[in-house]
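Worksheet: one structure, shown below.
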Amino acid sequence: MNITFKDLIKLWGEPCNQKGIDLDLPIAHISTDSRTIEKGDFFVPLVGNTFNGHDYLDRAFDIGIQAAIVSEQFNGLVPTSIPHWVVPDTLYAYQQIALLHRRKLNLPVVAVTGSVGKTTTRELIRAVLSPLGEIVASSGNENNDFGVPKTLLRGSETDAAFVLEMGMRGLGQIERLSRAAEPDIAVITNVGQAHIGILGNRENIAKAKSEITSYLKSDGVVIIPFGDNLLEKALLEKWSGRIVRVEIEDNSLNCLGCNDEHLASQDIEPDYISQIDKQNNLIFFEGSKFKLPLEGRHNAMNFLMALTVATELGLSIKNLDQLKINLPMGRNRLVECGQYLVLDETYNASPESVIASLELLVSKPGRHFAVLGTMLELGSESISLHQKVLKRAVELGLAGIVFVSCGEEFHIIKKIIKELPNYDVVRTPRAAATSLLSWLSPGDNILIKGSRKLELEKVLPYLQ
């Protein structure tokens, strides 16, 4: 850690119990988890909805920490041998330390947000930038107020860049994450309808995503898909710097979830225009062709974003055929499961991502089945968006759908999918597997996708 006690004094003033401290001493490894804290660590007890790290300060003191930050709400005593700062909000203090560390390292920071494809785009950017050296990227669910600073604090002088995923549960969150990271490049993959139940409409979703530019470096750039008028409008209210627009010719995914009234005016031109071949295997970008590292037209757009990031950072992108993409379980994973080919998309679901996955499914030779689940957080739009997705599934000619329902859309769904040769609506993954197995033959293709709460990955063992 390249941060000293003197640096922290500039943030919060003199610490309590500072007698005898060497102010030029670097602070030790920062721990926020009392279960894994070790002697000599710098402890920051965080407070969440279901936990309060201050409840475990006595254990941290007994272990022998170097120093601590505690909330002004803490009513206990700190041993006189332990230097500490008292702050209004330990989470904000944690983010301040992470930002200070980021500034001292002075590595390029790429921040990624969007309704769909954040994690995939993050991993594609990480892979494309790997020729620069070690890339520190978000992992797991490190896309929130706790995770972004944690990722930044993993960085060291030997690393080449950061790639940070930024999620949100409402207005204001991405602005806080942008403040903690001060990105050099911001990527907004799209503005879809995920979380519309929280934010109410696509206009507010666009505003929330545009918050990523709140602390974007003044000479930085935001990269967006070409054609989304709502996103353009929201960005112009937040950002006066460069906007780079990317487009795949004849690709409806350029403006995910847009209708005609939301398309950008004709006087705006894309900065990078790419094409993909008819087999969806190759993408043509800036005079070169690249093999798509992930299947699906939607992933071509994600890859285009990654290529654009590399270009904006001045990286040569001539030899990118051996990219190693490390996607988490349940995302864009093709699995030979017994006698069947399964597209495992069990991590989560939104209207746009389900339709994209269905279109990838039907590109496979053979019959096509899907186990789909309720898409949550869609609010008053839930019924209409479920109808839209299922009608698209029927149009694509699937051989059968099992829908795992945990909401009021139960009867609406059955009315739509009864047009298919095989259909069922159930309440559990086990029941879904039972119906599905009664229809399948060797060589069939299956998509499994639903919101995280439904745990549709539990269907997979039954297919072995």
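Observations on the structure shown:
- Scanning the stretch 344-352 finds one or more residues that are in contact (Cβ under 8 Å) with a residue 40 or more places away in the chain, surrounded by 23 or more Cβ atoms within 10 Å (Cβ to Cβ) and part of a strand (DSSP E or B).
- Residue check: residue 405 meets all listed conditions (1) closer than 16 Å to residue 337 by Cβ; (2) surrounded by 20 or more Cβ atoms within 10 Å (Cβ to Cβ); (3) of a type in the set (Gly, Ala, Ser) but one, namely (1).
- Residue match in the stretch 320-337 (condition: of a type in the set (S, T, N, Q) and either in the same structural domain as residue 193 (by TED's automatic domain parsing) or on the phi > 0 side of the Ramachandran plot (or both)): yes
- Flag if residue 370 is outside the structural domain of residue 275 (by TED's automatic domain parsing), in contact with a strand residue (DSSP E or B) (Cβ under 7 Å, 6 or more places away or on another chain) and either surrounded by fewer than 23 Cβ atoms within 10 Å (Cβ to Cβ) or in contact (Cβ under 8 Å) with a residue 24 or more places away in the chain (or both): yes
- Exclusive hit being surrounded by 17 or more Cβ atoms within 10 Å (Cβ to Cβ), of a type outside the set (A, V, I, L, M) and within 26 Å of the chain's Cα centre (by Cα), set 357, 380, 435, 384: 357
- Subset of the stretch 61-81 (residues that are in a helix (DSSP H, G or I) and of a type in the set (A, V, I, L, M, F, W, C)): 61, 63
- Considering only residues in the stretch 209-243 that are out of contact with any helix residue (DSSP H, G or I) (no Cβ under 6 Å at 6 or more places or on another chain) and assigned to a helix (DSSP H, G or I), the one that is nearest to residue 273 (Cα to Cα) turns out to be 232.
- Selection status of residue 69, in contact with a helix residue (DSSP H, G or I) (Cβ under 7 Å, 6 or more places away or on another chain), touching a residue at least 24 places away in the same chain (Cβ under 8 Å), closer than 25 Å to residue 180 by Cα and not polar (S, T, N, Q): yes
- Only residues that are among the β-branched types (Val, Ile, Thr), in a helix (DSSP H, G or I) and closer than 21 Å to residue 199 by Cα were counted in the stretch 365-410, giving 2.
- Search result, residues across the stretch 426-438 that are closer than 17 Å to residue 453 by Cβ and of a type in the set (A, V, I, L, M): 426, 431, 432
- Checking residue 55 against (1) under 19 Å from residue 98 (Cα atoms); (2) at pLDDT 90 or above, the condition it does not meet: (1)
- From 321, 344, 271, residue being out of contact with any Leu (no Cβ under 6 Å at 6 or more places or on another chain) and either of a type in the set (Lys, Arg) or modelled with pLDDT under 90 (or both): 321
- When 435, 441 are screened for being touching a residue at least 40 places away in the same chain (Cβ under 8 Å), not assigned by TED's automatic domain parsing to the domain that holds residue 195 and not acidic (Asp, Glu), only 441 passes.
- Condition check for residue 327: over 30 Å from residue 131 (Cβ atoms) and either at pLDDT below 95 or touching a strand residue (DSSP E or B) at 6+ places or on another chain (Cβ under 8 Å) (or both): no
The values are calculated or read from the model by the stated rules, or taken from the named source; none is laboratory data. Keep in mind the model is a prediction, meaning the values are calculated, not measured. Glycine also receives a Cβ, built like all others from the backbone with ideal geometry; neighbour counts cover every protein chain displayed.
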